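To keep things clear, I will list the structure first and then write my remarks on it.
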Amino acid sequence: MSTSLPAADADALQPGAEILLRALKDQGVEVVFGYPGGAVLPIYDAIFKQNAIRHILVRHEQAAVHAAEGYARSTGRVGVVLVTSGPGATNAVTGLVDALMDSIPVVCLTGQVPTHLIGNDAFQEADTTGITRPATKHNYLVKRSEDLARVVHEAFYVARSGRPGPVVIDLPKDILIGPARYSPPSAAPHRSYRPQTEPDGGAIARAVALLKGAKRPVIYVGGGVINAGDAASEALRRLVQLTGYPATSTLMGLGALPASDPRFLGMLGMHGTYEANLAMHGCDVMLAVGARFDDRVTGKLAAFSPQSRKIHIDIDPSSINKNVPVDLPIVADAGRALSALVAGWEADGATPDRTALAAWWRQIDGWRARECLRYTQSRAAGAIIKPQYAIQRLHALTRESGRPTYITTEVGQHQMWAAQFFGFEQPNRWMTSGGLGTMGYGLPAAMGVQVAHPEALVIDIAGEASILMNIQEMSTLAQYRLPVKVFILNNRYMGMVRQWQELLHGGRYSESYSAALPDFVKLAESFHATGLRAESVDQLDATIRAMLAADGPVIADIAVDEKENCFPMIPSGAPHNEMILGPEHEATAAGVADAGLALV
Amino acid sequence: MPAQGDSDFRSATISVLVDNESGVLARVIGLFSGRGYNIDSLTVAPVEDGGQRSRINVVTSGTQMVIEQIKAQLDRLVPVHRIADLTQQGPHVAREMALMKVIAAGDRRSEALRLADAFRARVVDATTESFIFEMTGSTDKLDAFVALMRPLGLAEVSRTGVAAMARGTRVI
């Protein structure tokens, strides 16, 4: 890539904005998602004068952060955001918390009023470091030009090291004007922050012994395995192959193991499979890797996996023993710990207890025979489309296309159906807002993925309510010719809200109906995209094929069954072995305890 | 979070060595308020030459699991260097200072002075109607003296919060 950045020596005095771009370039940054404004004009001026770093102009700052998240999660690199002071920074906050909850490495550059005006309630001033302190892994206010380069290098180190997360650098306008001297990245990027990545050898040996002695083992995989890179997924696959143990995954961990692997039990948790949740409930040894025992996973804590001895591998010591006490904590990078477990298992010559394991698999196969994800799709002409079927067809036809496929989602029922029915075979192909549950995540995240992978098929599986939360990004897709496909499961309801109201609030559908929806076909066309619609099951395949064949961005509006609910479901506050399996079991939901009603 | 009546509910004096950078105290306090942890007392001041490092002493309380979580969360903050749970480590010295203004006349005035002497409190200001006593000691001792002064005309109290360190050769 050519560059017009000044090849100045480190000693030369330079404007702050040029130091900033130089530091970004030295950190390997190729693209920045941003939106200009008064406080960051010096940076935009410096961007104008070079072509090493590409800028993608979003239409809302929240979308800039989600786009950076999509970029980061699909590449394993740090995503970069550039926004102005005041509203630019406050609009970015939702994206920052989203990245914090899902451990996505993002560096967000925010403009700030000049240092002499800070605290004066100046135009477009906000206390950005104050507001973003609990929204980030760390943040900085640069008060001296000579600190700028060091802070940028440190921010990238903090964002990608240990448990990754978002880092804000607040940049007063006078700092961007400078002048100061550049300093390159150093070998010691932070004076004290050194996360532990190597597992303790003794703990690994104890883990091998525990796993070897297991009669009813289960491996519980989280997003940390994805964050730890391809080597972590490879080590996990090897461990599963060596042991033959069943494995389940959180929403964020999907793809770490191939969905088609017979030892994969599907996702666990609130909308996880019957077999995954009962295996978690009944296991005697649990190996948790890069997962944080979130309430969506555990259900009722007091009844969570009551008979198991638990091994917990996590890079974040505060994730261990936070919700669930564990027997063997291992603080380490998931990939290094899994590789050490594989090496330990092989060195030990360990073999699983084959008799016990066969009995355990017979029990699991019995649970599988319940076919908890079963639904009925009528094939009659004009029949209404079941949302599950729409995703299964989308999966089948994208596989048929043979193209590398990346899926993002918004938040709600469609997200859970995507997790249940779109089989992910590889890591980093699935981008969803897990921890924060941010409606409006999917479209901008898809944008970021498409920027990183211009030739790939990038699909946002959306709901008609969520998509409206960042619909303005259709304009960004048009500007940069990003051929993202938006696949809307349109049930005319905020489906997950409606489902909870049906099951827990007596069917009083308070404010959950999507009234006055736009015509999504015309909406797509007005944004220079292709609009498609499928009204009935006989139109579905042709619509998906047309979407996949289109060169540019597409919105496919798929009318689906308005009353379909997402099952299985563990009601809030219930244990794993009290799942609602389907409509025929809904009566049991009437028995949800008052304590459960108070939970989210 | 379990209630105060739980059997493993305890108090913990935790010392934290941090980079003395802007916002570090807000980070620590925000962690406590944001996650619903208790702060019973908090002190902070630079402790190394050049003001590079500050020491925060925080007295908190919770179940063992919550206190372990507090320590892990503190350790996760980027500018935090080291953490010591002095209560768990063993014998430690934990002292604070208080200034107490007593406004009284007659018998109550002389009784206040007599008790101050018994508690080894110093008189750092006196008028014909008032004293300011200064006292350094354990939180319990200060609490006891404050309670004694209350009926004798205690008008104002200013306390520093606890400064603490391990006994013997152990350092943070």
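The values are calculated or read from the model by the stated rules, or taken from the named source; none is laboratory data. Keep in mind that this is a model prediction, so the values were computed, not measured. Here the Cβ is made from the backbone with ideal geometry for all residues, glycine too, and neighbour counts use every protein chain on show.
Side notes on the structure shown:
- Scanning region A:280-318 for residues that are within 14 Å of another protein chain (Cβ to nearest Cβ), part of a strand (DSSP E or B) and of a type in the set (D, E, K, R) returns a single hit, A:D314.
- Flag for A:Y182 being more than 14 Å from chain B (Cβ to nearest Cβ), among the aromatic types (F, W, Y) and over 25 Å from A:L109 (Cβ atoms): no
- Of A:A214, A:A159, A:A228, A:A205, all but one fail to be at pLDDT 95 or above, of a type in the set (G, A, S) and under 27 Å from A:P15 (Cβ atoms); the exception is A:A159.
- Given (1) touching a residue at least 40 places away in the same chain (Cβ under 8 Å); (2) more than 14 Å from chain A (Cβ to nearest Cβ), number of the condition B:N38 does not satisfy: (1)
- Qualifying residue in region A:83-101 (condition: modelled with pLDDT of 95 or more, within 14 Å of chain B (Cβ to nearest Cβ), more than 20 Å from A:Y44 (Cα to Cα) and in contact with a helix residue (DSSP H, G or I) (Cβ under 7 Å, 6 or more places away or on another chain)): yes
- Subset tally (residues that are buried (at least 17 other Cβ atoms within 10 Å of the Cβ), over 23 Å from A:A445 (Cα atoms) and more than 27 Å from the chain's Cα centre (by Cα)) for region A:486-532: 2
- Scanning region A:212-234 for residues that are surrounded by fewer than 24 Cβ atoms within 10 Å (Cβ to Cβ) and in a helix (DSSP H, G or I) yields a total of 4.
- Qualifying residue in region A:169-177 (condition: closer than 28 Å to A:A12 by Cα, more than 14 Å from chain B (Cβ to nearest Cβ) and assigned to a strand (DSSP E or B)): yes
- If you filter region B:14-26 down to residues that are under 24 Å from B:V171 (Cβ atoms) and at the interface with chain A (Cβ under 10 Å from one of its Cβ atoms), you find that the one that is surrounded by the most Cβ atoms within 10 Å (Cβ to Cβ) is B:V18.
- Checklist (1) closer than 27 Å to B:T13 by Cβ; (2) surrounded by fewer than 13 Cβ atoms within 10 Å (Cβ to Cβ); (3) among the basic types (K, R) applied to B:R95, failing item: (2)
- Selection count, region A:521-565, where residues are touching a Leu at 6+ places or on another chain (Cβ under 9 Å) and farther than 20 Å from A:Q388 by Cα: 10
- With respect to the conditions (1) more than 16 Å from A:N227 (Cβ to Cβ); (2) touching a strand residue (DSSP E or B) at 6+ places or on another chain (Cβ under 9 Å), A:A332 lacks only one, and its number is (1).
- Qualifying residue in region A:105-125 (condition: within 23 Å of A:M469 (Cα to Cα) and under 16 Å from the mean Cα position of the chain (by Cα)): yes
A quick yes/no check of all residues on (1) crowded, with 16+ Cβ neighbours inside 10 Å; (2) assigned by TED's automatic domain parsing to the domain that holds B:S41; (3) over 25 Å from B:D40 (Cβ atoms):
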| site | (1), (2), (3) |
| --- | --- |
| B:M100 | yes, no, no |
| B:R108 | no, no, yes |
| B:R114 | no, no, yes |
| B:A121 | yes, no, no |
| B:V124 | no, no, yes |
| B:T127 | no, no, yes |
| B:T136 | no, no, no |
| B:G153 | yes, no, yes |
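- Restricting the search to helices (runs of 4 or more DSSP H) fully inside region B:53-143 and requiring at least 1 residues that are in contact with a Phe, Trp or Tyr (Cβ under 6 Å, 6 or more places away or on another chain) and more than 14 Å from chain A (Cβ to nearest Cβ) gives B:106-118.
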